[in-house]
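The values are calculated or read from the model by the stated rules, or taken from the named source; none is laboratory data. Fair warning: this is a prediction, and the values are worked out from it, not measured in the lab. As a convention, Cβ positions derive from the backbone with ideal geometry for all residues, glycine included, and neighbour counts pool all protein chains shown. Ligands, DNA and RNA are stripped out before the accessible areas are found, and what is left, the full protein with its side chains, is counted by its heavy atoms. Shrake-Rupley method; radii C 1.70, N 1.55, O 1.52, S 1.80 Å.
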Amino acid sequence: SGRIVGRFGPLRIALVAAIPFTGAVLFTSLAVFAWGAPAWAMIAGFFVIAGANGMLMPNLASIVMTSAGTSSGAGSALMGAAQFSLAAAIAPLTGLAGESSAVPMAMLMLLMLAIQLGCLFVVRRVHVDEKKAPSAVIGDD
């Protein structure tokens, strides 16, 4: 909601949403590696992942688009191309062990979680630096 973003800001919401997202990815991976991927655990894990992702994606996109300044069209195109390229590269890898194993999926989820948390840390640092020095915002010359 715009009211929540206005009160807390997109970065804080993304940081809070990263907590259940991380927990759900770890839980889902545990379910795959330790319990053999039972349906109830996978459904519960994916439910929380989808909910947290619904809070992460728009807020992170907002931060990126704000940082793009006057080049928001190019920023949006680059962000979309990166998302679709990454999805196209990763999707075939989830089936490497065949249809009966969820291990490659869990490993890729853990890898993407590590990348996401690293990027979130960088965005947090850049976002804080932009508040200190507004002239450092991309596109503002």
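Look through 63, 115 and report the one residue that is of a type in the set (A, V, I, L, M), open to solvent by less than 30 Å² (accessible area, probe 1.4 Å), within 16 Å of the chain's Cα centre (by Cα) and closer than 29 Å to residue 7 by Cα. Please lay out each step first, then the result.
Working: 115 fails: open to solvent by less than 30 Å² (accessible area, probe 1.4 Å).
It is 63.
Within segment 93-120, track down each residue that is over 22 Å from residue 33 (Cβ atoms) and in contact (Cβ under 8 Å) with a residue 40 or more places away in the chain. Write out each step before concluding.
Taking segment 93-120 as the starting set, the residues that turn out to be over 22 Å from residue 33 (Cβ atoms) are 118-120.
Matches in segment 93-120: 120 only.
Does residue 22 meet the test of being open to solvent by 70 Å² or more (accessible area, probe 1.4 Å), of a type in the set (Val, Ile, Thr) and under 22 Å from residue 123 (Cα atoms)?
On the way: open to solvent by 70 Å² or more (accessible area, probe 1.4 Å): no; of a type in the set (Val, Ile, Thr): yes; under 22 Å from residue 123 (Cα atoms): yes.
The answer is no for residue 22.
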Residue under evaluation residue 90, criteria (1) in contact with a Leu (Cβ under 9 Å, 6 or more places away or on another chain); (2) farther than 18 Å from residue 111 by Cβ; (3) free of Cβ contacts under 8 Å to residues at least 40 places away in the same chain, criterion not met:
(2)
Flagged in segment 27-41 as touching a residue at least 12 places away in the same chain (Cβ under 8 Å) and either of a type in the set (Asp, Glu) or part of a helix (DSSP H, G or I) (or both), in numbering order, are 27, 28, 29, 31, 32, 33, 41
Name, by its number, the condition in (1) in contact with a Lys or Arg (Cβ under 8 Å, 6 or more places away or on another chain); (2) within 18 Å of residue 109 (Cα to Cα) that does not hold for residue 50.
(1)
In segment 101-118, anything over 30 Å from residue 11 (Cβ atoms) and part of a helix (DSSP H, G or I) is listed as 103, 104
Just to be sure I understand, how many residues within segment 81-100 are surrounded by 10 or more Cβ atoms within 10 Å (Cβ to Cβ) and not in a helix (DSSP H, G or I)?
2
Test: residue in segment 97-106 that is charged (D, E, K, R) and closer than 19 Å to residue 5 by Cα:
no
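Please specify each residue of segment 10-19 satisfying the condition of being surrounded by fewer than 17 Cβ atoms within 10 Å (Cβ to Cβ) and either under 20 Å from residue 115 (Cβ atoms) or modelled with pLDDT of 95 or more (or both). Give the steps one after another, and end with the answer.
Going through segment 10-19, the residues surrounded by fewer than 17 Cβ atoms within 10 Å (Cβ to Cβ) turn out to be 12, 16, 19.
If the condition is that a residue be surrounded by fewer than 17 Cβ atoms within 10 Å (Cβ to Cβ) and either under 20 Å from residue 115 (Cβ atoms) or modelled with pLDDT of 95 or more (or both), then 16, 19 are the ones that fit.
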